[in-house]
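Taking it in order: structure first as structure tokens, then the write-up.
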Amino acid sequence: MIWNRKYSLEEVQKFCQNTMVSNLGIEFKEIGDDFLVAKMPVDARTKQPVGILHGGASLALAETIGSVAAHLTIDNKRYLSVGLEINANHIKSKKDGFVVGKGKPLHIGRKTQVWHIEISDENNKLICISRLTIAIIENRS
């Protein structure tokens with residue numbers, strides 16, 4: 001297990017309460033030994049004007065998964081995890097329903113982490129692939 005302790009889905013969801021995460025309807029669904037899964041609706045909150053899933057919403061889901069996952073691997077009293085760089089390839093469009101993202105680490109270091117996030121639809125068709133680099137910084141609060 002890569003997490004710094006065992007977390008419940010309720011704890012993770014509460015951590016994101018009253019943020020963009022909850023505003024977009026993102027819900028955490030599974031915490032595995034080395035992965036984190038979240039679901040996001042494709043609706044008025046996450047669509048672009050032409051009626052398909054907004055690429056920025058996909059990136060918000062990917063960064064949420066990777067940033068929260070990184071947060072779960074570190075000592076939160078001493079360190080914070082913050083996004084440093086994200087990229088994505090949008091593979092397929094989506095008009096309704098929901099998408100599910102699964103994040104797994106490619107690298108977990110002392111100062112940086114790299115996460116691979118795949119976003120698929122409810123039929124397991126690939127929608128987006130993203131890579132997120134996280135900086136681990138000192139918590140000065």
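Please note which helices (runs of 4 or more DSSP H) are completely contained in region 1-113 and include at least 3 residues that are surrounded by 20 or more Cβ atoms within 10 Å (Cβ to Cβ) and under 12 Å from the mean Cα position of the chain (by Cα). Show your work before the answer.
Details: elements: 9-15, 20-23, 55-73.
In region 1-113, 55-73 are the helices (runs of 4 or more DSSP H) which contain 3 or more residues that are surrounded by 20 or more Cβ atoms within 10 Å (Cβ to Cβ) and under 12 Å from the mean Cα position of the chain (by Cα).
Just to be sure I understand the filter: pairs with C-beta atoms under 7 Å, separated by 6 or more residues or on different chains, first member in region 44-71 and within 21 Å of Thr112 (Cβ to Cβ), second member part of a helix (DSSP H, G or I) and acidic (Asp, Glu). Which pairs pass?
That search, which allows pairs on different chains as well, returns nothing.
Do you know which residues across region 1-41 are under 16 Å from Trp115 (Cα atoms) and of a type in the set (A, V, I, L, M)?
The first filter runs over region 1-41 and keeps only residues under 16 Å from Trp115 (Cα atoms), leaving 1-3, 31-38.
Within region 1-41, Met1, Ile2, Ile31, Leu36, Val37, Ala38 meet the criteria.
Each reported figure results from applying straightforward, stated rules to the coordinates on display, with no laboratory input. No experiment lies behind these values; they were computed from the predicted model shown. Because the Cβ atoms are built from the backbone with ideal geometry, glycine has one as well, and the counts that use them run over all protein chains shown.
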